[in-house]
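Enquirer: Sharing a structure below in structure tokens format, with a few things to ask.
The values are calculated or read from the model by the stated rules, or taken from the named source; none is laboratory data. Every value quoted in this text rests on a predicted model; they were computed, and no experiment measured them. Cβ placement follows ideal geometry from the backbone for every residue including glycine, while neighbour counts extend to all protein chains displayed.
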Amino acid sequence: MILSLNILFAFIMDLFGGDPPSLPHPIRWMGHAIARWEPSFRSRDANLTRAGLTFTVVMVGGAWCLSFMLLQAAQAFSPLCGAVIEILMVYFCLATRSLYDAAQAVGKALRSNDLASARCRVAMIVGRETNRLDAEGVRRAAVETVAENLVDGIVAPLFYAVIGGGPLAMAYKMVNTLDSMIGYKNERYRDFGKAAARLDDLANWLPARLTVPLVALAAAFLNGRWRSAFALAWRDGQKHTSPNAGLSEAAFAGVLAVRLGGPNRYHGVMVAKPWIGSAFGPVRAGDITRACDLMLLTAVLALLVLWGLPQMAICFDLL
């Protein structure tokens, strides 16, 4: 019950407080650690695939071990201190409010007809080039990142926190951070980053598939298009280059009745990605807000399903 309350408090803190920039953030520390130790692991083994695998195992295992030892030490000092540390661990792994605020900032700039500012703001949350995007392209990028990050920023951290508490949630975020930094298919990381990319795909496989019915349930409350969430996730979910991100993106496209995906420019190269929801029209003004509403309700439902239902089962067993 204590663990479950820690997760609840962490979710509420993130939902209403977000990530204050003044606080030190463990995810940034993970990024610094990855950048610091990557050259060392590269130089130790001529086989880059094997070196990348070793690097990934050490970094993920290290994140779990350090988090576990910190939590054990805090709990040994006092149960309250242990609870605070675990709440903070889970809190730092969630990104509900920061994702909402980042997307809404893009929408606000577009409503003010400040396309240059909107491009700058959306560039902070997407990997594609944004300096040539028109207003619809900016809106589409914002909606896509809300849909994709719903999985690795909310549902998956909750999933792993429920299973293994703060340490497992922190280990998951290391997996996620490794993928975002070295999980590329370019010349530098094709071999070295292969293990990180595969592990990220594996870690997100089940959470991504749990997200689709949660999005559909949220749609049933918001606009009734829950069938479209399932239908499009089934039809277009595997068109994405990621085996997981396309599922939530397709579910959002079905609920909002918009066309997502399509060609985008990355690092100076135009990548011809397939359209998701090709039968629908472009992303409209107001769809960023609708996507944020859908994300928020899905996040709450994820908490109720992943955290709340097990607590109800425990209570019934006690009765």
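Enquirer: Confirm whether residue 63 is surrounded by 13 or more Cβ atoms within 10 Å (Cβ to Cβ), among the aliphatic types (A, V, I, L, M) and in contact (Cβ under 8 Å) with a residue 24 or more places away in the chain.
Expert: yes
Enquirer: While we're looking at this one, here's another question. So which residues in region 179-224 are small (Gly, Ala, Ser), at pLDDT 95 or above and more than 24 Å from residue 30 (Cβ to Cβ), if there are any at all?
Expert: Answer for region 179-224, where residues must be small (Gly, Ala, Ser), at pLDDT 95 or above and more than 24 Å from residue 30 (Cβ to Cβ): 216, 218, 219, 220.
Enquirer: How many of the residues making up region 112-137 are surrounded by 14 or more Cβ atoms within 10 Å (Cβ to Cβ), free of Cβ contacts under 8 Å to residues at least 60 places away in the same chain and among the acidic types (Asp, Glu)?
Expert: 0
Enquirer: Only one of 261, 164 is crowded, with 20+ Cβ neighbours inside 10 Å, touching a helix residue (DSSP H, G or I) at 6+ places or on another chain (Cβ under 9 Å) and not polar (S, T, N, Q); which?
Expert: 261
Enquirer: Another question, if that's okay. Name the pairs: first residue in region 23-37 and touching a residue at least 40 places away in the same chain (Cβ under 8 Å) and over 12 Å from residue 63 (Cβ atoms), second residue part of a helix (DSSP H, G or I) and among the aromatic types (Phe, Trp, Tyr), Cβ to Cβ under 9 Å, at least 6 apart or on different chains?
Expert: 25/92
Enquirer: Then there's this: Report yes if some residue within region 216-224 is in a helix (DSSP H, G or I), more than 16 Å from the chain's Cα centre (by Cα) and either over 22 Å from residue 289 (Cβ atoms) or among the β-branched types (Val, Ile, Thr) (or both); otherwise report no.
Expert: no
Enquirer: For region 71-81, check the following and say yes or no: at least one residue is touching a residue at least 40 places away in the same chain (Cβ under 8 Å), touching a helix residue (DSSP H, G or I) at 6+ places or on another chain (Cβ under 6 Å) and over 30 Å from residue 293 (Cβ atoms).
Expert: yes
Enquirer: Going by the conditions given, is residue 239 modelled with pLDDT under 85, among the charged types (D, E, K, R) and under 25 Å from residue 157 (Cα atoms)?
Expert: yes
Enquirer: Could you check, for region 193-209, whether at least one of its residues is part of a helix (DSSP H, G or I) and either more than 30 Å from residue 182 (Cα to Cα) or touching a Lys or Arg at 6+ places or on another chain (Cβ under 7 Å) (or both)?
Expert: no
Enquirer: Quick test for you: out of 105, 109, pick the one residue that is under 22 Å from residue 14 (Cα atoms) and either buried (at least 18 other Cβ atoms within 10 Å of the Cβ) or in contact (Cβ under 8 Å) with a residue 24 or more places away in the chain (or both).
Expert: Testing whether each residue is under 22 Å from residue 14 (Cα atoms) and either buried (at least 18 other Cβ atoms within 10 Å of the Cβ) or in contact (Cβ under 8 Å) with a residue 24 or more places away in the chain (or both) leaves just 105.
Enquirer: Which condition number in (1) part of a helix (DSSP H, G or I); (2) within 22 Å of residue 151 (Cβ to Cβ); (3) in contact with a helix residue (DSSP H, G or I) (Cβ under 8 Å, 6 or more places away or on another chain) is the one that residue 19 fails?
Expert: (1)
Enquirer: Something else: Which of the residues belonging to region 245-269 are closer than 15 Å to residue 139 by Cα and not basic (Lys, Arg)?
Expert: Passing the criteria: 249, 252, 253, 256, 257, 258, 260, 261, 262, 263, 264.
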